[in-house]
Amino acid sequence: MLEICCNSIQSAINAQKAGAKRVELCHNLEVGGVTPTEEDIRSCVAMGLRTHVLVRPRGGDFCYSDAEYAMIKHQVARCKELGAHAVVVGFLHQDGSIDVDRTAEIVRLAAPMEVTFHRAFDECANPLQALEQIIACGCHRILTSGCAPSAVEGIPLLRQLVTLAAGRIIILAGAGVTPDNAAYILHETGAQEIHGSCKHTLPDGTIETDGILVEKLINQITENEK
């Protein structure tokens, strides 16, 4: 399963035209992504795409104030009402440990939507312990580069996470995924899902999903499966 990170409805349209079936919808990739608008969520769902929504009130760290957490809970509830298929969240304590209380509460609030624990995982202090905690919270997948700058560099840990997960949670490999390395990442890690942005910058400075790159990525993955 391929997931394309899309920062706008136009990006989602580009991804869908290229053959993508699932997107992670967000805004402001410049800060790592924040929650998109309700209208964009509604439109993406209406397009027939499997829509995973990033719920993040701001850039920066993943230690949220009570007010920010209240906003996150409200946005998760709205995602459910708008028909999203999953939400993408991540919560850490200041010491780099997983905030299991908030993570588990969001899983309960989000049901029956799926919950992906995002790349906050890559900043955790103990990834193997974090894996077990996130599984215990009931999350459905972890988006991770293997705690490295890119998924290629994180292959050793990604492989270990896939093995230790043993089907209890999906390891979604992401960061620096391209048509040139996607099949290699999947083969070397054993991951069943991969996440890429396939983005390019338009002349006006706007970041947008490149349908040509998405199509190349899909073709490479498909060819690798034969």
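The values are calculated or read from the model by the stated rules, or taken from the named source; none is laboratory data. Remember, it's a predicted structure, so these values are computed and weren't measured experimentally. Here Cβ is always computed from backbone atoms with ideal geometry, including for glycine, and neighbour counts include all displayed protein chains.
A compact table of results
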| quantity | calculated |
| --- | --- |
| Residue in segment 6-19 that is of a type in the set (D, E, K, R) and touching a residue at least 60 places away in the same chain (Cβ under 8 Å) present | yes |
| Some residue of segment 153-166 being within 15 Å of I4 (Cβ to Cβ) and among the β-branched types (V, I, T) | no |
| Scope segment 62-109; condition of a type in the set (S, T, N, Q) and not in a helix (DSSP H, G or I); matching residues | S65, Q94, S97 |
| Residue in segment 137-145 that is under 30 Å from A18 (Cα atoms) and without any contact (Cβ under 8 Å) to a residue 24 or more places away in the chain present | no |
| Filter result (under 8 Å from T209 (Cβ atoms) and either touching a His at 6+ places or on another chain (Cβ under 7 Å) or in a strand (DSSP E or B) (or both)) within segment 7-34 | N7 |
| Residue pairs meeting the criteria (Cβ under 7 Å; at least 6 apart or on separate chains; first modelled with pLDDT of 95 or more, in segment 148-161; second charged (D, E, K, R)) | I155/E188; R159/E188 |
| Any hit, segment 146-164, residues being under 16 Å from the mean Cα position of the chain (by Cα), part of a strand (DSSP E or B) and crowded, with 18+ Cβ neighbours inside 10 Å | no |
| Among the candidates I142, I134, I98, residue that is of a type in the set (A, V, I, L, M, F, W, C) and more than 15 Å from the chain's Cα centre (by Cα) | I98 |
| Looking only at segment 20-38, and only at residues there that are surrounded by fewer than 22 Cβ atoms within 10 Å (Cβ to Cβ) and farther than 24 Å from D122 by Cα, the one that is nearest to the chain's Cα centre (by Cα) | K21 |
| Search result, residues across segment 39-65 that are within 26 Å of M1 (Cβ to Cβ), charged (D, E, K, R) and surrounded by fewer than 19 Cβ atoms within 10 Å (Cβ to Cβ) | R42, R50 |
| Residue list for segment 73-85, filter: out of contact with any Ser or Thr (no Cβ under 6 Å at 6 or more places or on another chain) and surrounded by 21 or more Cβ atoms within 10 Å (Cβ to Cβ) | V76, C79 |
| Answer residue from segment 86-111, given it is closer than 20 Å to E24 by Cα and in contact with an Asp or Glu (Cβ under 7 Å, 6 or more places away or on another chain) and is surrounded by the most Cβ atoms within 10 Å (Cβ to Cβ) among those | V88 |
| Scope segment 170-189; condition among the hydroxyl-bearing types (S, T, Y) and either part of a loop (DSSP other than H, G, I, E, B) or under 11 Å from L2 (Cα atoms) (or both); matching residues | T178 |
| Positions within segment 120-136 being closer than 14 Å to T103 by Cβ and in contact (Cβ under 8 Å) with a residue 60 or more places away in the chain, in sequence order | none |
| Flag for T189 being in contact with a strand residue (DSSP E or B) (Cβ under 9 Å, 6 or more places away or on another chain), farther than 18 Å from L92 by Cβ and at pLDDT 95 or above | yes |
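Conditions tested, residue by residue: (1) closer than 15 Å to I221 by Cα; (2) not small (G, A, S).
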| position | (1), (2) |
| --- | --- |
| A104 | no, no |
| V107 | no, yes |
| A120 | no, no |
| R159 | no, yes |
| G167 | no, no |
| V177 | yes, yes |
| Y184 | yes, yes |
| T201 | no, yes |
